[in-house]
Amino acid sequence: MTSQASSQVDPWFKSLIETCLATLYLLNLDGCPAADSVGKTAQLWVRLLWDKPRSGWHEQADGPRIRKAFAAIAETRTRWPSPAVFWDVLPKRAEPSATLIGAGFGREREREALACRQRWLHDLGRENSGDIIPGHPNAPVEA
């Protein structure tokens, strides 16, 4: 498995960071980068945040967290932030819970998987136990 630092930046991540930085730029904060260096500034931020080994980025889990971090920066800062400020305000990733996936999710998936296995075995001419179904058209021929 390759490390995220050596991998290509996901397009969703690049786009989101660029959009959030563009919003901050429009606020004209003290220390804001010059207009001719905004693109390079965004590239640097994308690379620094992407390569940070704190955690892998995942769009569904991290997109809202990134937006919240930049919103917090926009609401509370009067100076152009460094990536360190971003890390300070980035909310923690939510822990999965039964309320998010449903309390019966595991049992429901297990029942579906078992029913699927049973159908698959039947299509192969086998009982749920694995024994051959006598006379089934797809039953294997025993030697």
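For the reader, a short list of remarks on this structure follows.
- For the residues Asp36, Asp51, Asp30, the requirement of being closer than 21 Å to Arg77 by Cβ and of a type in the set (D, E, K, R) singles out Asp30.
Okay, residues lined up against (1) touching an Asp or Glu at 6+ places or on another chain (Cβ under 7 Å); (2) at pLDDT 95 or above; (3) within 30 Å of Ala139 (Cα to Cα); (4) in a loop (DSSP other than H, G, I, E, B):
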{"position": "Leu16", "(1), (2), (3), (4)": "no, yes, no, no"}
{"position": "Ser55", "(1), (2), (3), (4)": "no, no, no, yes"}
{"position": "Ile66", "(1), (2), (3), (4)": "no, yes, no, no"}
{"position": "Leu100", "(1), (2), (3), (4)": "no, no, no, no"}
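- One residue from Ala5, Ala35 being in contact with an Asp or Glu (Cβ under 6 Å, 6 or more places away or on another chain) and modelled with pLDDT under 95: Ala5
- Failed condition for Arg111, given (1) more than 17 Å from Ile17 (Cβ to Cβ); (2) at pLDDT below 90; (3) in a loop (DSSP other than H, G, I, E, B); (4) not aliphatic (A, V, I, L, M): (3)
- The number of residues in the stretch 47-71 being crowded, with 17+ Cβ neighbours inside 10 Å and within 14 Å of Thr23 (Cα to Cα) comes to 3.
The values are calculated or read from the model by the stated rules, or taken from the named source; none is laboratory data. Everything numeric in this text was worked out from a predicted model, so none of it was measured. Methodologically, a virtual Cβ is constructed for each residue, glycine included, from the backbone with ideal geometry; neighbour enumeration extends over all protein chains shown.
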